[in-house]
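S.K.: Let me begin by handing over the structure; questions about it come next.
The values are calculated or read from the model by the stated rules, or taken from the named source; none is laboratory data. Here the structure is a predicted model, which is why all the values come from computation and not from measurement. Note that we place each Cβ from the backbone using ideal geometry, even for glycine, and neighbour counts take in every protein chain shown. Each accessible area value is taken on the protein alone, full model and side chains, heavy atoms only, with ligands, DNA and RNA left out. Shrake-Rupley method; radii C 1.70, N 1.55, O 1.52, S 1.80 Å.
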Amino acid sequence: MKVKVLGIAQDGGVPHLGCRKSCCEGARKDPARRSRVSSVALCHVATGKRWIVDCTPDFPAQVDLLESDPKLPRREPREFCDGLLLTHAHIGHYAGLIHLGTEVMSAKEMPVWATARMGEFLTRNGPWGALVSSRQIALRALEPGKPVALAEGLSVTPFLVPHRDEYSDTVGFRIEGPRRRLVFLPDVDKWEKMATPLPALLEDAQVALLDGTFFSLEELPHRDITKVRHPLVTETLDLLRGRVAAGTLEVAFIHLNHTNPALDAASPERRRLEDAGFRVAREGEDFGL
Ligand SMILES: [Zn+2]
Ligand SMILES: [Zn+2]
């Protein structure tokens, strides 16, 4: 059982449309510096079953990445995954569903787990509603706090988090395998707004993939601090430093904005987080469960 990282960038990816700064110009010249949008796959290696968490604008390339994993059995082309789990209705997290519609693969009842509010958003708004009415996707209910058993020894429990919830609510996932628990929380408002403080949320987890959208306020000189509605990487380091140093928790950042200097492996910011024992998630890497 494993979690495979399929992308690590914020909703706009890297290079980012409309950015001509070095962060994105470098990535345009060097494909190795490109980053796909934040997503992971949950894989049951023995049976080859797999589920993808969030359906990003990079979805087709991310399916290719998943299928290139030599440890996963080959599947029929149209059966590249056993379902999707969605965190919320921001474009980086569900817009890839367009590929399941009539214009592309016209999927047959692809299971899509979503909260009631997210499911309602998809059902009531075009073009997503057509996926539901033509049964290209089959919505399955996610209830916060209620585990979904995906396979024997693999369950996923959604938990509600505060976020900019215009269209849907937002969840993170606690993913439980036979050996380890991993918390996937790519997009969230400030940690102090959480109903459960972050250290308590991660108390029984061994791995966490966490919102690393922005590194620090220095990255956002023109933004009003009260309007930055993501935890800063520096704030997460302060909250979890003790557990990471003690070796009881592995933390990798995901959902990095194109401006985040930690995307650059040679940056002082990257060194700062790695010196504290944290990491930036890598596309294609596996976390055993
Ligand atoms: Zn996002
Ligand atoms: Zn979001």
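S.K.: Can you tell me which residue within the range 20-50, out of those that are open to solvent by 10 Å² or more (accessible area, probe 1.4 Å) and among the hydrophobic types (A, V, I, L, M, F, W, C), is nearest to ligand 2 (Cβ to nearest atom)?
M.R.: Filtering first and then ranking leaves CYS23.
S.K.: Among the residues that make up the range 108-130, is at least one of them open to solvent by less than 40 Å² (accessible area, probe 1.4 Å) and assigned to a loop (DSSP other than H, G, I, E, B)? Break it down stepwise before answering.
M.R.: Step one: of the range 108-130, the residues open to solvent by less than 40 Å² (accessible area, probe 1.4 Å) are 110-115, 118-119, 121-122, 128-129.
Those left that are additionally assigned to a loop (DSSP other than H, G, I, E, B): none.
Among the residues of the range 108-130, not one is open to solvent by less than 40 Å² (accessible area, probe 1.4 Å) and assigned to a loop (DSSP other than H, G, I, E, B), which makes the answer no.
S.K.: Would you confirm whether or not the range 200-221 contains a residue that is touching a residue at least 60 places away in the same chain (Cβ under 8 Å) and in a strand (DSSP E or B)?
M.R.: Taking every residue of the range 200-221 in turn, at least one turns out to be touching a residue at least 60 places away in the same chain (Cβ under 8 Å) and in a strand (DSSP E or B).
S.K.: Is it fair to say ARG50 is part of a strand (DSSP E or B), of a type outside the set (Asp, Glu) and under 19 Å from GLU283 (Cβ atoms)?
M.R.: Details: part of a strand (DSSP E or B): yes; of a type outside the set (Asp, Glu): yes; under 19 Å from GLU283 (Cβ atoms): yes.
Answer is yes for this residue.
S.K.: Test LEU100 against the criterion of being in contact with a Gly (Cβ under 7 Å, 6 or more places away or on another chain) and more than 16 Å from ligand 1 (Cβ to nearest atom), and give yes or no.
M.R.: no
S.K.: Kindly provide the set of residues from the range 80-100 that are touching a His at 6+ places or on another chain (Cβ under 8 Å) and closer than 14 Å to PRO158 by Cβ, ordered by number.
M.R.: LEU86, THR87, HIS88
S.K.: Going residue by residue through the range 86-98, is there one that turns out to be touching a helix residue (DSSP H, G or I) at 6+ places or on another chain (Cβ under 7 Å), open to solvent by 20 Å² or more (accessible area, probe 1.4 Å) and either not charged (D, E, K, R) or not in a helix (DSSP H, G or I) (or both)?
M.R.: No, there is no match, as no residue in the range 86-98 is touching a helix residue (DSSP H, G or I) at 6+ places or on another chain (Cβ under 7 Å), open to solvent by 20 Å² or more (accessible area, probe 1.4 Å) and either not charged (D, E, K, R) or not in a helix (DSSP H, G or I) (or both).
S.K.: From (1) modelled with pLDDT of 95 or more; (2) under 25 Å from ARG34 (Cα atoms); (3) not hydroxyl-bearing (Ser, Thr, Tyr), pick out the condition that doesn't hold for PRO221.
M.R.: Just one mismatch for PRO221, condition (1).
S.K.: Has the range 227-249 got at least one residue that is in a loop (DSSP other than H, G, I, E, B), without any contact (Cβ under 8 Å) to a residue 24 or more places away in the chain and buried (at least 16 other Cβ atoms within 10 Å of the Cβ)?
M.R.: So far as the range 227-249 goes, yes, one or more of its residues are in a loop (DSSP other than H, G, I, E, B), without any contact (Cβ under 8 Å) to a residue 24 or more places away in the chain and buried (at least 16 other Cβ atoms within 10 Å of the Cβ).
S.K.: Restricting attention to the range 53-76, and to residues there that are in a loop (DSSP other than H, G, I, E, B) and within 16 Å of ligand 2 (Cβ to nearest atom), which single residue is surrounded by the most Cβ atoms within 10 Å (Cβ to Cβ)?
M.R.: ASP54
S.K.: Continuing with the same structure: Quick one: which residue in PRO178, PRO221, PRO197 is closer than 26 Å to GLU152 by Cα and open to solvent by 70 Å² or more (accessible area, probe 1.4 Å)?
M.R.: On inspection, the qualifying residue turns out to be PRO178.
S.K.: Mind telling me which of the residues ASP204, ASP187 ends up being among the charged types (D, E, K, R) and touching a helix residue (DSSP H, G or I) at 6+ places or on another chain (Cβ under 8 Å)?
M.R.: Exactly one of ASP204, ASP187 is among the charged types (D, E, K, R) and touching a helix residue (DSSP H, G or I) at 6+ places or on another chain (Cβ under 8 Å), namely ASP187.
S.K.: Can you name every residue in the range 77-120 that is within 16 Å of ligand 2 (Cβ to nearest atom) and in contact (Cβ under 8 Å) with a residue 60 or more places away in the chain?
M.R.: Scanning the range 77-120 gives LEU85, THR87, HIS88, ALA89, HIS90, ILE91, GLY92, HIS93.
S.K.: For the condition away from ligand 2 (no atom under 15 Å from the Cβ), within 21 Å of GLY12 (Cβ to Cβ) and buried (at least 21 other Cβ atoms within 10 Å of the Cβ), what is the one hit in PHE184, PHE215?
M.R.: Every option except PHE215 fails the conditions.
S.K.: Can you find, within the range 142-181, the residue that is nearest to THR115 (Cα to Cα) among those that are over 19 Å from the mean Cα position of the chain (by Cα) and among the hydrophobic types (A, V, I, L, M, F, W, C)?
M.R.: ALA149
S.K.: When residues of the range 16-48 are filtered for being away from ligand 1 (no atom under 15 Å from the Cβ), within 18 Å of the chain's Cα centre (by Cα) and not basic (Lys, Arg), how many remain?
M.R.: Residues that pass the stated criteria total 3.
S.K.: Give me the pairs: first residue in the range 7-35 and within 25 Å of PRO231 (Cβ to Cβ), second residue open to solvent by 90 Å² or more (accessible area, probe 1.4 Å) and within 13 Å of ligand 1 (Cβ to nearest atom), beta-carbon distance under 9 Å, and six or more apart or on different chains, which are they?
M.R.: From residues that are within 25 Å of PRO231 (Cβ to Cβ), the pairs are ASP11/ILE91; GLY12/ILE91.
S.K.: Need pairs with beta-carbon distance below 7 Å; first residue open to solvent by 50 Å² or more (accessible area, probe 1.4 Å) and within the range 159-171, second part of a loop (DSSP other than H, G, I, E, B); sequence gap 6+ or separate chains.
M.R.: Close Cβ pairs satisfying both conditions: LEU160/PRO144; LEU160/ASP169; ARG164/ARG229; TYR167/ALA89.
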